[in-house]
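Asker: I'd like to ask you about the structure that follows.
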Amino acid sequence: MEYNEKWALITGASAGIGATFARSYAAKGANIILTARREDRLKALAVELEKAHGVKTRVIAADLANPAAPQMIFDALQAEGTPVDILVNNAGFGMPGSYTENDWTAHRAFLELMLVSYAQMTRHFLPGMLARDYGRIIHVASLAGLVPGAAGHTLYAPSKAFLISFAQSLAAECAGTGVRASALCPGFTYSEFHDVNATRGLVSQLPKYMFMEAEPVVEGAIDAVEKGQAVYVPGRWNKFVAWLSRTLPRSLSEQMVKNQSKRFRKKHA
Ligand SMILES: NC(=O)c1ccc[n+]([C@@H]2O[C@H](COP(=O)([O-])OP(=O)(O)OC[C@H]3O[C@@H](n4cnc5c(N)ncnc54)[C@H](OP(=O)(O)O)[C@@H]3O)[C@@H](O)[C@H]2O)c1
């Protein structure tokens, strides 16, 4: 039991990669705080984790696109004296279509969830981690943040690039303390992500070797943050793509992403 008495807060814990983080940290002995919008799912997962692993759980339903949500979560945990030792900022989705097809209200809510909530949750919980000299922060970014941007889902790749750079800065800032930060950069991962962004039909035509199950993605990320690896890319295929993007001349990697992204991004909804 590696994380006995530690508390892990996982955003977007009602499905996919977030639910997998919750199961994995609970199996390793951590108490789990689950947040997302679908409270019924969070409650069912909390019961499952308590029964399977004998850990404590806490459910806080919240819409992290609401600017008041991070403060509400922080205040609720502060009021009951529950510390956060491990923060997995994971909640997210992809918005299909070109930039002008989606209105500013939708883009603003997207940025609130994908950037601001990650930054604010970290700002709330990092001081406690530093004071206790123990903390783990994982931002769930994407391989999309490591390769050039492409048409469609316009703000998705930039939001993930922000998270990668943010995790690197945090890791550097916390060096010499007991706090470690990492950006997890998955490629295609089985979850509800492609159902939510309506690209299931497109991505189901991609070769299977491009996809990973959520479990190895999450286990690798937990290991990477323990080792102090600020940027972690899971899986051989994803590592190859990240390497190509670093190594090829910029014009070639831009062309490669331009050609390939047509296979899985909706430029027009
Ligand atoms: N799957 C992939 O291929 C892939 C690849 C690279 C990166 N990622 C990243 O991995 C992360 C998790 O995605 P996933 O693949 O696990 O997708 P998923 O199965 O669709 O899960 C997304 C989670 O985010 C939560 N969420 C979405 N909007 C929210 C909001 N406004 N407020 C609070 N929670 C919200 C959802 O819960 P509710 O709907 O209940 O709120 C759900 O728990 C995302 O950041 C995504 O960008 C995924």
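Asker: Hey, could you get me the Stokes-Einstein D for the range 7-261, Kirkwood radius over alpha-carbon pairs, 37 °C and 0.692 mPa s, rounded to whole µm² s⁻¹? Each step should come with its number before you reach the end.
Answerer: Numbers: Rh = 18.6 Å.
For these conditions, the coefficient is 177 µm²/s.
Asker: Per the Kirkwood formula on distinct C-alpha pairs, the Rh of the range 116-242 is how many angstrom? Mind showing how you got there, number by number?
Answerer: Details: mean 1/r = 0.0648 Å⁻¹.
Result for the range 116-242 stands at 15.4 Å.
Asker: While we're looking at this one, here's another question. Pick from Glu80, Glu215, Glu173: which residue has the top mean-square fluctuation in a GNM of the chain where Cα pairs under 10 Å get a spring?
Answerer: Glu80
Asker: Which of Gly220, Gly145, Gly187 moves most in a GNM of the chain, Cα contacts under 10 Å?
Answerer: Looking only at Gly220, Gly145, Gly187, the largest GNM fluctuation is found for Gly220.
Asker: Under the rule of -39500 (n - 2.57) per DSSP H run of 4 or more residues, summed and divided by the residues of the chain, what mean residue ellipticity at 222 nm is obtained, to the nearest 500 deg cm²/dmol? Kindly include the intermediate steps, with their values, before the conclusion.
Answerer: Numbers: 11 runs with 125 residues, N = 269.
Taken over the chain, the calculation gives -14000 deg cm²/dmol.
Asker: For a quick check, take a GNM of the chain with Cα springs below 10 Å and name the residue from Leu155, Leu248, Leu163 with the largest mean-square fluctuation.
Answerer: Comparing Leu155, Leu248, Leu163 in a Gaussian network model of the chain, the most mobile one is Leu248.
Asker: For each pair in Lys43/Lys227; Lys43/Lys160; Lys6/Lys28; Lys160/Lys258, compute the distance between the two Cα atoms and list the pairs where it is over 20 Å. Don't jump to the answer; show the numbers that get you there.
Answerer: Working: Lys43/Lys227 32 Å; Lys43/Lys160 29 Å; Lys6/Lys28 10 Å; Lys160/Lys258 18 Å.
Lys43/Lys227; Lys43/Lys160, as the Cα separations exceed 20 Å there.
The numbers here are math on the coordinates, done by the rules we state, and not lab data. Computed from a prediction, not measured in an experiment: that's the story for all the values here.
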